[in-house]
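Enquirer: The structure is given below, and queries will be raised subsequently.
The values are calculated or read from the model by the stated rules, or taken from the named source; none is laboratory data. No experiment lies behind these values; they were computed from the predicted model shown. Reconstructed Cβ throughout: ideal geometry from the backbone, glycine too, with neighbour counts over all protein chains shown. These area figures cover heavy atoms from the full protein model, side chains too; ligands, DNA and RNA do not enter into them. Shrake-Rupley method; radii C 1.70, N 1.55, O 1.52, S 1.80 Å.
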Amino acid sequence: MDRVQRPVEASQLLFESERAPAFITGSEAVMEAIKRANVDMAIAYPITPQSESMHLIGDLYAKGYLKDYYRAENEFAVMAAIHGASLGGGRVFTATSGPGTLRAMEMFPVWAGSRQPIVCAFMCRGVSLPPSIQPENIEMGMLLDTGMLMLHAENVQDFFDMLLKAYLIAEKPDVHLPVGVFVDGFFVTHTRETVMLPPDDLKLLPYDPENSPVPVFDMETPPMRITRDPLLNKSNFISYAANASWHQEVLAAAERARKHLAQYLGGLLEVENPNAKIFIAASGTAVSQGREALKDLLDAGLDVGLIKIKSIRPFPVNELQEATKNAELIVVPEFNAGGWLAKEIKATLNENNRVVAGPRVFGGMTIPKELIISEIHNALNRQNQRL
Amino acid sequence: MNKSIFKITPCFEDIMPDEYKELVESDPFGKGLGVSQLGTYKELLEEHPLCAGCGLALSLRLILASLPNPEDTVIVGSTGCSALAFPQVALHNIHSVFGNQNAVASGLKRALKLRFPDKVKDVVVIAGDGATADIGLDMVMQSWFRCENITTIMLDNEAYANTGGQESGMSPQGTVLNMAPKGKKFPKISMPEIARESGCAYVAAISPAQPKRLEKMVRRAILTAREVGPSYVQIFSPCPTNYKFKPQEMVARIKQREKEGFFKSKEYITTEAQEYLAGLEEGKKDE
Ligand SMILES: Cc1ncc(C[n+]2csc(CCOP(=O)(O)OP(=O)(O)O)c2C)c(N)n1
Ligand SMILES: [Mg+2]
């Protein structure tokens with residue numbers, strides 16, 4: 001280990017210690033976050049654009065920051081082994097991208113259903129066919145109902161902060177759920193940005209599995225029959241009810257995360273120009289593109305604001321209703337073909353004909369600000385014609 | 001496990017289930033009990049819901065009675081008939097999803113090693129033939145290639161029993177089963193040999209018709225996994241429900257298959273494991 005680290009309270013590491021600038025990529029930010037997160041073990045399987053970050057986690061292990069690390073056989077096995085390590089009481093980390101996410105899909109509801117505080121980074125990319133390794137976040141739309149909490153980072157700074165904060169939120173006894181920290185691949189993982197980092201001789205306090213709301217599988221607590229009537233597939237009312245109430249508790253735990261998200265992230269969303277009549281609402285790097293569009297639109301004299309959605313699960317329902325209560329138009333630019341964020345927003349707001357589900361860009365292209373600007377102009381023209 | 005935490009809080013005795021009270025009063029933890037003492041202590045499996053004459057249920061009882069350290073053993077199961085019995089097992093046991101048991105066990109064993117560096121925590125996988133030789137085969141073999149310190153036990157009933165008697169890779173060639181309406185077209189998978197060639201330090205095939213031998217093999221497998229390397233035990237556990245024979249004929253069925261030359265007990269031990277086990281077994285005789 002090139003640094004002797006001192007475990008400190010989260011507030012000291014995150015908020016009180018003095019930060020210094022570093023010009024780093026998103027992959028390097030993952031390494032910097034995990035270095036300070038006091039992680040026991042990580043498991044990796046290569047896929048672009050995730051690989052580089054997990055190489056760097058391997059370097060951390062070689063230097064002694066992590067106690068165990070290995071390359072597993074496929075992403076389903078990675079997520080299964082991470083599940084096992086977490087059931088054994090370890091603080092764990094892994095990451096994947098697009099096809100890896102889909103390959104591992106069966107495990108995500110298992111993490112949530114087992115109430116495990118696993119932190120996983122998703123460096124989102126296209127899923128086949130036609131094949132694409134380029135940025136695209138359709139996989140997020142496929143994970144919305146897995147029970148895990150989902151944070152969407154806009155940039156490298158967000159990525160660093162959200163990963164560290166993810167452990168704190170995931171491990172709260174009243175939450176104790178997996179947290180996925182998502183970024184749009186390449187745009188965040190492979191670009192350099194000045195990031196403010198706390199000192200690297202500090203790290204989070206270790207995970208204490210005794211705070212878990214469910215027993216750790218280590219035979220250190222008295223064995224008891226998990227249930228007399230298994231939650232499994234017995235066909236009777238009691239087992240249905242037990243199964244349903246367990247699910248409800250997973251959902252309730254995610255609801256209880258809201259206050260912790262507010263504390264650590266300063267809210268589930270951020271609003272620029274809150275009194276505007278027109279909003280660009282986005283998550284991830286679409287927020288940055290939206291911000292570029294916003295400058296031009298403001299210069300042109302339009303009354304436009306920006307809503308950056310940071311938490312996708314739980315979704316900022318009340319915050320979004322409040323932020324858009326006087327809005328006449330809400331444009332939702334996205335990096336995927338399905339438009340999952342626009343659907344979420346439409347399902348959240350009254351008078352959802354105010355919501356324009358686009359522009360949507362996929363296949364690897366960026367969202368030019370002009371595309372967002374013309375989407376707004378087109379929508380305003382349509383609204384005027386209707387009047 | 002610290003046994004002092006394993007007791008009933010005074011005045012709660014009357015609301016604890018009977019079988020839990022029995023477990024507290026006559027548990028097998030830390031007492032070095034085994035198959036020969038069955039009937040004199042509380043078994044770790046209580047009131048399982050498996051069919052009458054289920055070979056797998058008998059195998060499971062014998063495996064649980066054979067564990068060298070039940071008080072520090074965590075079991076990883078898989079989906080299948082045995083998953084219906086595991087909620088009734090008085091050990092920490094994990095059911096994740098179908099086929100991922102050896103990947104889960106790999107992560108679990110590593111985490112337990114980190115958390116308990118001075119204590120042995122045995123991680124034992126117990127799963128069906130479909131889970132082990134078909135859907136989970138890559139993860140089973142990869143855990144062997146990686147030399148994970150875990151024991152893998154297959155409950156081989158030669159079919160996907162839980163989903164209604166479909167062909168598995170472990171079904172004998174020619175057998176007519178669901179999804180093999182014209183009979184299985186390829187031979188039973190040679191899992192013991194695959195295990196031997198894939199890095200297992202100890203490999204055995206056995207049936208519950210020989211309980212003492214089964215006990216010895218399970219113990220050897222678990223002890224080997226602690227120090228030497230991964231181990232594999234395949235237990236032939238015929239299924240009366242799907243192979244359509246009478247429940248009381250289960251053991252006779254094993255013996256018949258043995259006579260016909262279709263089932264053979266086997267043991268493959270690497271030199272290293274042999275030396276290690278000889279040392280342990282020698283030490284035991286001295287006691
Ligand atoms: C991904 C997935 N595919 C299929 C199934 C359905 N399934 C459940 S149990 C089972 C058969 C298990 O067979 P085996 O492992 O031999 O155990 P047995 O029931 O025979 O003891 C199958 C196919 C499942 N649960 N999950
Ligand atoms: Mg079977």
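Enquirer: Of all residues in segment A:256-307, count the ones that are charged (D, E, K, R) and open to solvent by less than 10 Å² (accessible area, probe 1.4 Å). Give the derivation first.
Expert: Here is the first cut: in segment A:256-307, the ones charged (D, E, K, R) are A:256, A:258-259, A:270, A:272, A:277, A:291-292, A:295-296, A:299, A:303.
Still in the running and open to solvent by less than 10 Å² (accessible area, probe 1.4 Å): none.
The number of residues fulfilling the criteria is 0.
Residues checked against (1) facing chain B (nearest Cβ under 10 Å); (2) touching a Lys or Arg at 6+ places or on another chain (Cβ under 9 Å):
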residue: A:ALA42; (1), (2): no, no
residue: A:HIS83; (1), (2): yes, no
residue: A:GLY89; (1), (2): yes, yes
residue: A:ARG103; (1), (2): no, no
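Enquirer: Has segment B:39-55 got at least one residue that is buried (at least 23 other Cβ atoms within 10 Å of the Cβ) and of a type outside the set (Gly, Ala, Ser)? Before the answer, list the steps.
Expert: Step one: of segment B:39-55, the residues buried (at least 23 other Cβ atoms within 10 Å of the Cβ) are B:44, B:54-55.
Then drop every residue that is not of a type outside the set (Gly, Ala, Ser), which leaves B:44, B:54.
Yes, that holds for at least one residue.
Enquirer: Could you please find all residues in segment B:154-187 being within 14 Å of ligand 1 (Cβ to nearest atom), open to solvent by 60 Å² or more (accessible area, probe 1.4 Å) and outside any strand (DSSP E or B)?
Expert: B:ASN162, B:THR163, B:MET179 - these are the residues of segment B:154-187 that are within 14 Å of ligand 1 (Cβ to nearest atom), open to solvent by 60 Å² or more (accessible area, probe 1.4 Å) and outside any strand (DSSP E or B).
Enquirer: In segment A:322-345, what count of residues is obtained for those that are under 17 Å from A:GLY284 (Cα atoms) and open to solvent by 60 Å² or more (accessible area, probe 1.4 Å)?
Expert: 1
Enquirer: Something else now. Any chance you could count how many residues in segment A:188-215 are modelled with pLDDT under 95 and among the hydrophobic types (A, V, I, L, M, F, W, C)?
Expert: The total comes to 1.
Enquirer: Mind listing just one residue for me: the one in segment A:238-253 that is among the small types (Gly, Ala, Ser) and open to solvent by less than 20 Å² (accessible area, probe 1.4 Å) and, of those, farthest from A:ASN336 (Cα to Cα)?
Expert: We begin by selecting, within segment A:238-253, every residue among the small types (Gly, Ala, Ser); these are A:239, A:241-242, A:244-245, A:252-253.
When the remaining residues are screened for being open to solvent by less than 20 Å² (accessible area, probe 1.4 Å), the result is A:239, A:253.
Working: A:SER239: 39, A:ALA253: 29 Å.
Going through the qualifying residues, I end up with A:SER239.
Enquirer: Tell me the residue from B:VAL104, B:VAL24, B:VAL74, B:VAL97 that is at the interface with chain A (Cβ under 7 Å from one of its Cβ atoms) and either on the phi > 0 side of the Ramachandran plot or surrounded by fewer than 20 Cβ atoms within 10 Å (Cβ to Cβ) (or both), please.
Expert: So the residue among B:VAL104, B:VAL24, B:VAL74, B:VAL97 that is at the interface with chain A (Cβ under 7 Å from one of its Cβ atoms) and either on the phi > 0 side of the Ramachandran plot or surrounded by fewer than 20 Cβ atoms within 10 Å (Cβ to Cβ) (or both) is B:VAL97.
Enquirer: In segment A:346-387, how many are without any contact (Cβ under 8 Å) to a residue 40 or more places away in the chain, over 27 Å from A:GLN134 (Cβ atoms) and open to solvent by less than 70 Å² (accessible area, probe 1.4 Å)?
Expert: 4
Enquirer: Filter segment B:124-153 down to residues that are open to solvent by 10 Å² or more (accessible area, probe 1.4 Å) and near ligand 1 (Cβ under 8 Å from one of its atoms), then give me how many there are.
Expert: 3
Enquirer: Among the residues in segment B:147-165, are any away from ligand 2 (no atom under 16 Å from the Cβ), within 22 Å of the chain's Cα centre (by Cα), closer than 29 Å to A:ALA85 by Cβ and of a type in the set (A, V, I, L, M)?
Expert: From segment B:147-165, those away from ligand 2 (no atom under 16 Å from the Cβ) are B:147-151; that's our starting set.
With the extra rule that they be within 22 Å of the chain's Cα centre (by Cα), the set shrinks to B:147-151.
Right, trim to closer than 29 Å to A:ALA85 by Cβ and you get B:147-151.
Going one step further and asking which of them are of a type in the set (A, V, I, L, M), we end up with B:150.
Yes.
Enquirer: Scanning segment B:77-91 for residues that are more than 12 Å from the chain's Cα centre (by Cα) and over 20 Å from B:THR241 (Cα atoms), which turns out farthest from the other protein chains (Cβ to nearest Cβ)?
Expert: The selected residue is B:VAL89.
Enquirer: Please verify whether segment B:122-135 includes one or more residues that are more than 20 Å from B:MET217 (Cα to Cα) and at the interface with chain A (Cβ under 7 Å from one of its Cβ atoms).
Expert: no
Enquirer: Test each condition in (1) in a helix (DSSP H, G or I); (2) within 14 Å of chain B (Cβ to nearest Cβ); (3) among the hydroxyl-bearing types (Ser, Thr, Tyr) for A:SER245 and report the one that comes out false.
Expert: It is condition (2) that A:SER245 fails.
Enquirer: How many residues are within 18 Å of A:LEU143 (Cβ to Cβ) and open to solvent by 40 Å² or more (accessible area, probe 1.4 Å) when one looks only at segment A:308-321? Give the steps one after another, and end with the answer.
Expert: Quick first cut of segment A:308-321, residues within 18 Å of A:LEU143 (Cβ to Cβ) only: A:309-316.
Filter once more, so that each one left must be open to solvent by 40 Å² or more (accessible area, probe 1.4 Å): A:313.
Here the count works out to 1.
Enquirer: Name the pairs whose Cβ atoms lie under 6 Å apart, with the first residue in segment B:149-174 and over 12 Å from B:PRO238 (Cβ atoms), the second near ligand 1 (Cβ under 9 Å from one of its atoms) and assigned to a loop (DSSP other than H, G, I, E, B), and 6 or more positions between them or separate chains?
Expert: Filtered contacts from segment B:149-174: B:TYR160/B:SER168; B:ASN162/B:GLY80; B:GLY165/B:ALA159; B:SER168/B:ALA159.
Enquirer: Answer yes or no as to whether B:VAL120 is away from ligand 2 (no atom under 16 Å from the Cβ), open to solvent by 10 Å² or more (accessible area, probe 1.4 Å) and among the aliphatic types (A, V, I, L, M). Explain how you work it out, then say what you get.
Expert: Details: away from ligand 2 (no atom under 16 Å from the Cβ): yes; open to solvent by 10 Å² or more (accessible area, probe 1.4 Å): yes; among the aliphatic types (A, V, I, L, M): yes.
Yes, satisfied.
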